[in-house]
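Here's the structure we're looking at; comments come further down.
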Amino acid sequence: MHRKRIWFDITNTPHVNFLMPLIRYFEKDYELLITARNFSETALLLKKNDIDPLIVSEYKGKSRINKGMGLISRILKLFYKVSKFDISISLGGNYTAIVSRLRAKPSIIISDNDISYKTPAYKFGTYFIFPKYFSVDNLDTKYGVKPEQIFKFNGFKEDIYIADYSPDADFMKQLPFEEFITIRPENLKASYLPKNSTTIVPLLFEKFRDENILFLPRFNEEKIYAEAYNNIFIPDVPLNGLDVCYYTKAMLTGAGTFAREAALLGTPAVTFFPGKEYLTVDKIMIEKGWEFKSRSPNEIYKYVKHSKKNPSMHEQSKKVQKEVLKIITDIISRH
């Protein structure tokens, strides 16, 4: 009997945490092929999870021309290197949607990002899984996505992997202090940010001189921000992001994933994202008071000083994971 083969493509660091529960669940009954893009800490985190992916292409830069050329180049490489699979699963889906269509195979695309460039995914993808808050109003008129291609779940994408999380009792041994806040910079290389975007990380370092800081730079060139301070620690190896969110007093991030993870684990979460548009999922969290949005170091400092931890939403996360696994299993069973 033919054992179905699922292709997972992982293109960014946050995708590792998200896709690992799916990989562990489906590896029991299916053959898996896992590809990855050599970007940020993606490959390192996969290896930390005992996954040895097929690396296909690297990050090509922020400009639209370079990104476009990088997209085409990687699609061609994937087409030749990934020949045998029955269905693909990815977060975002720009690569898998096209390669799967060229191979006449179905693709499952999961996303909570209603800002970033996803035209190839929506034009060529087969099935789409979104949080219930995700706005799908223009997907039919703009991209031809039909209602029967869309599946929604009652939660956030971070719930799917937080469901399996249990704190590492030895995590704090990796740090030189007992209490700390965490700062993660903006992703200034992201194409969805305005071209004149700047970082406020140096201003935050200056403001939080009275706190121990775990600094998690995205890129090596950002390490220079911390050189003048003795209260800042930069780890030599990638840390488990959920452990960071669980143990930190507060999570301050220039993007959204860490903020949503921290919020669901009951940790005060600040996003200083520099873009004009926020993801719908972040808007919902901000409206609920689970995330605090500001680019003002003074406002952020006051919020952190007056915040305290809340109970985690772990049980709800387990329900969300179960719901999403059932959606994917049902889709696979159609083929």
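Values quoted throughout were computed directly from the atomic coordinates according to the rules given, and no laboratory measurement underlies them. Quick caveat: nothing in here was measured; it's all calculated off a predicted structure. Neighbour counts run over all protein chains shown; Cβ positions are idealised from the backbone, glycine included.
Please list 3J(HN,Hα) in residue order for segment 16-31, calculated via the Karplus relation 6.51 cos²θ - 1.76 cosθ + 1.60 where θ = phi - 60°; whole Hz, with x for glycine and proline.
4, 4, 5, 7, 4, x, 5, 4, 5, 5, 8, 5, 5, 10, 9, 6
Taking square-rooted eigenvalues a ≥ b ≥ c of the alpha carbon gyration tensor, is segment 5-153 rounded, prolate or oblate, where a/c under 1.5 means rounded and, failing that, a/b exceeding b/c means prolate?
rounded
Ile87's amide H: which non-local residues (gap 5+, or another chain) put their own amide H closer than 5 Å, with H modeled 1.01 Å from N in plane and none for Pro or chain starts?
Arg5, Trp7
Looking only at Ala263, Ala228, Ala163, which one moves most when the chain is put into a Gaussian network model with springs between Cα atoms under 10 Å?
Most flexible of the set in this elastic network: Ala228.
Return one quarter of the surface area of the convex hull spanned by the alpha-carbon atoms of the chain, equal to its mean projected area, in nm².
Spelled out: convex hull of the Cα atoms, projected over all directions, averaged, 16.8 nm².
Most exposed first by the Cβ proxy, i.e. fewest other Cβ within 10 Å, how do His335, His2 rank? Don't jump to the answer; show the numbers that get you there.
Details: His335 10, His2 6.
Arranged by neighbour count, lowest to highest, His335, His2 become His2, His335.
Quick one: P(r) of segment 213-335 from all Cα-Cα pairs, 10 Å bins, percents rounded to integers, in order of increasing distance.
11, 36, 32, 15, 5, 1
Could you give the length gained by full extension between Tyr80 and Asn230, i.e. 0.36 nm per residue of separation minus their alpha carbon distance, to one decimal place?
Roughly 49.0 nm would be gained on extension.
List, in order, the whole-Hz ³J(HN,Hα) value for each residue of segment 2-11 obtained from phi through the Karplus relation with A = 6.51, B = -1.76, C = 1.60 and θ = phi - 60°; use x for Gly and Pro.
Computed from phi, the couplings for segment 2-11 are 5, 8, 4, 10, 9, 9, 9, 10, 10, 10 Hz.
May I ask you to evaluate 6.51 cos²θ - 1.76 cosθ + 1.60, the Karplus curve with θ = phi - 60°, for each residue of segment 167-178 and list the ³J(HN,Hα) values in order in whole Hz, giving x for glycine and proline?
Once θ is set to phi - 60°, the couplings for segment 167-178 become x, 7, 5, 9, 4, 5, 5, 7, 10, x, 9, 9 Hz.
Work out, in µm²/s and without decimals, the Stokes-Einstein translational diffusion coefficient of segment 125-255 at 4 °C, 1.567 mPa s, Rh from Kirkwood over C-alpha pairs.
Here the translational diffusion coefficient equals 73 µm²/s.
Round to the nearest 10 and give me the degree value, 0 to 90, for the angle of helix 314-333's Cα axis relative to the longest principal axis of the chain.
20 degrees
What nm distance separates the two modelled labels at Thr199 and Asp330, each placed 7 Å from Cα along Cα→Cβ?
4.4 nm
Going by how many other beta carbons lie within 10 Å of each one, how would you line up Val237, Val201, Val99, fewest first?
With the sparsest Cβ surroundings first, the list reads Val237, Val201, Val99.
Using DSSP to define loop residues, name the chymotrypsin sites (Phe, Trp or Tyr not before Pro) in segment 276-305 whose beta-carbon has at most 11 other beta-carbon atoms within 10 Å.
Sparse-neighbourhood loop chymotrypsin sites (Phe, Trp or Tyr not before Pro): none present.
Among Arg184, Arg103, which comes first, then next, by fewest other beta-carbon atoms within 10 Å? Kindly include the intermediate steps, with their values, before the conclusion.
On the way: Arg184 24, Arg103 18.
Least crowded to most crowded, the residues run Arg103, Arg184.
At a Förster radius of 25 Å, what calculated FRET efficiency corresponds to the Cβ-Cβ distance of Lys322 and Tyr192, to the nearest 0.05?
0.20
As a test of the formula, what do you get for the chain when each DSSP H run with n ≥ 4 contributes -39,500 (n - 2.57) and the sum is divided by the residue count, at 222 nm and rounded to the nearest 500 deg cm²/dmol?
-10500 deg cm²/dmol
List the residues, sorted by chain then number, that are 5 or more residues from Phe153 or on another chain and whose placed amide H is less than 5 Å from its amide H.
Phe130, Lys132
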